[in-house]
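Worksheet: one structure, shown below.
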Amino acid sequence: IDAGSLDAIICGDVLEHMREPEKFLRQAREWLKPQGRLIASIPNVRHHSVVASLLAGNFTYEPAGLLDEDHVRFFTRREIEKLCFRTGFEIQGMRVVPGSGYAEWAEAGRPGEVKIGALQIGGLAPEEAEEFYVYQYLIEATPVPSRSAVESLPAPKPPVDQSAKIEALGRSVPWPVERPDVPLPTQHT
């Protein structure tokens, strides 16, 4: 596959079966056109059924489902976000596939709690409680420009109303902004 030749790559229930999904996604990023899309469906190991089983001392693989016997990697929403960031993708959209208990939780007003059998967790934000009822995440992501591509872009001009303040401080506007704890993705050849 030639670099920059694909419009889209679809990973339908694939990444959890790979020992090194990061390696694959870095390569996939290179195959995509700059405006290309990664579409993926990824099971949520934080679903209440898995958590309740763990609390009962069980982690039993099954022929299919969240603990499919062929799964070698497990993901939560945050792990999906980190995986995309580390491999040079920006998530454009994330949708949920509701699992068991989701409809009842939503009908109860989306409370910040999880109550399924012996599993009872409270004090959560509704968005966090929702994660326990999500069976799978569907993501759409785009490649982030490589560091060399970003560095070759001209620096944006500061907004007019801020330029006097910036000059007075003797600073320039850094771009792209790098978080000190996380480097920008690098391009692999």
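Read-outs throughout are calculated quantities, based only on the coordinates presented, and are distinct from any laboratory measurement. Please read these numbers as outputs of a predicted model, since none were measured by experiment. All Cβ positions, glycine included, derive from the backbone under ideal geometry; neighbour counts span all protein chains shown.
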Practice item. Could you tell me the distance between the Cα centroids of the range 1-29 and the range 56-75, to the nearest Å? Key: 22
Check your understanding: Using the reciprocal of the averaged 1/r over all distinct C-alpha pairs, how large is the Kirkwood radius of the range 1-160 in Å?
Key -> 17.5
Exercise for review: Run through all the Cα pairs of the range 33-109 and give the fraction in each 10 Å bin from 0, expressed as whole percent.
Suggested key: 15, 40, 32, 12, 1
Revision key, fill the gap. If amide H atoms are modeled at 1.01 Å from N in the peptide plane, then the residues at a separation of 5 or more from Phe75, or on another chain, having amide H under 5 Å from its own are Val45
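Only sites in a loop by DSSP and with at most 12 other Cβ atoms within 10 Å count here; which GluC sites (Glu not before Pro) in the range 1-71 make the cut? Kindly include the intermediate steps, with their values, before the conclusion.
Working: sites: Glu16, Glu22, Glu30, Glu69; in loops: Glu69.
Passing sites in the range 1-71 are Glu69.
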